[in-house]
Amino acid sequence: MTEKRPFIGPLTHIPDDIPQGQAEAKGISLDCCPSSSMLSLGIMVIVGLTGGLGAGKTTIASLFQVCGATIIDADQLTRDVVKPGKPAWKEIKRQFGNSVLHSDKTLNRQALAQVVFHNPEKLKILQDIIHPRVAREQATQTKAIGKANPQVVIIYEAALLIEAGAHRRMNHVIVVKADRATQLSRVCHRDGLTKTEALRRIRQQMPLRQKLQYADMVLDGTWPRPRLRLVVKSLYRIYQNEARQRGL
């Protein structure tokens, strides 16, 4: 049975500026999951933002940031924990050798990707090295941000949010979706991959239908920017009000 994430907060209604009758047409999912135990997160609101490669997560995160949310980027945390000399870097070097390093000893992400994306066992080894360290760094940053601003709304953008188990530390989970053709076009253009390489990486991620089981909000990353901006602004208002209510 698929594990259901806890649902917390007032996402059982459409934002005031999105009429109820238009919810389905706008592609907004408001299904909530059964509640269960969850770590106390204080009065801040932490929203996990995830989705497949090229779905549009970063665009949506940037729109939340314009609204006033604080963004924590899992990809940047990953880059930080694998800097030369750090424990994760040492373990990666031990497991995969010098062939995954640049001449300046920094991690050659492309070379490492070529190794692990063709070998599920090696991919798991890499994830076991990185995920716990990224989780600790995320927790550290979250604590510092919350101390400075107790009623903050934090958006944690992470492609592997669910696969890494980080969704359990979120108050809400947003899944961003896009059609396969859009994903392939974006990933090939952004990362310089062939269509075959891009498709292989997309297929190695958790299928969208499984991610959706953990979501209390689903956004379509192919929507025009003005439409996305409207929905994100409405969601941010909900999360902000939730944080304020917790502080009462």
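Here is how the numbers come out for the structure above:
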item	result
Value in Å of the Kirkwood radius, where segment 114-248 supplies the Cα pairs that are averaged	17.2 Å
Dipole of segment 43-183 [Lys/Arg +1, Asp/Glu -1 at C-beta], most positive-end residue of 150, 88, 62	88
Kirkwood Rh (inverse of mean 1/r, distinct Cα pairs), segment 31-183, angstrom	16.9 Å
Amide H contacts under 5 Å for residue 101, placed H, 5+ residues apart	108
Set of lysines with alpha-carbon distance to residue 195 below 21 Å, sequence-local pairs under 8 removed	57, 177
5 angstrom amide H check on residue 174, placed H, neighbours 5+ away	48, 49, 50
Cα radius of gyration and Dmax for segment 142-216 (Å)	15.5, 46
Reachable lysines from residue 83, criterion Cα separation under 23 angstrom, eight or more residues apart if same chain	93, 105, 122, 124, 143
Dipole of segment 108-248, positive end: most advanced residue of 139, 125, 110 [Cβ charges, Cα centre]	139
Long-range HN-HN contacts of residue 72 with modeled amide H, under 5 Å	155, 156, 157
Per-pair calculated FRET efficiency, R0 = 35 Å: residue 248 and residue 191 via Cβ, rounded to 0.05	0.15
Charged-residue dipole, Cβ positions (Lys, Arg, Asp, Glu), segment 124-235 about Cα centre, Debye nearest 20	100 debye
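Read-outs throughout are calculated quantities, based only on the coordinates presented, and are distinct from any laboratory measurement. Here the structure is a predicted model, which is why all the values come from computation and not from measurement. Here the Cβ is made from the backbone with ideal geometry for all residues, glycine too, and neighbour counts use every protein chain on show.
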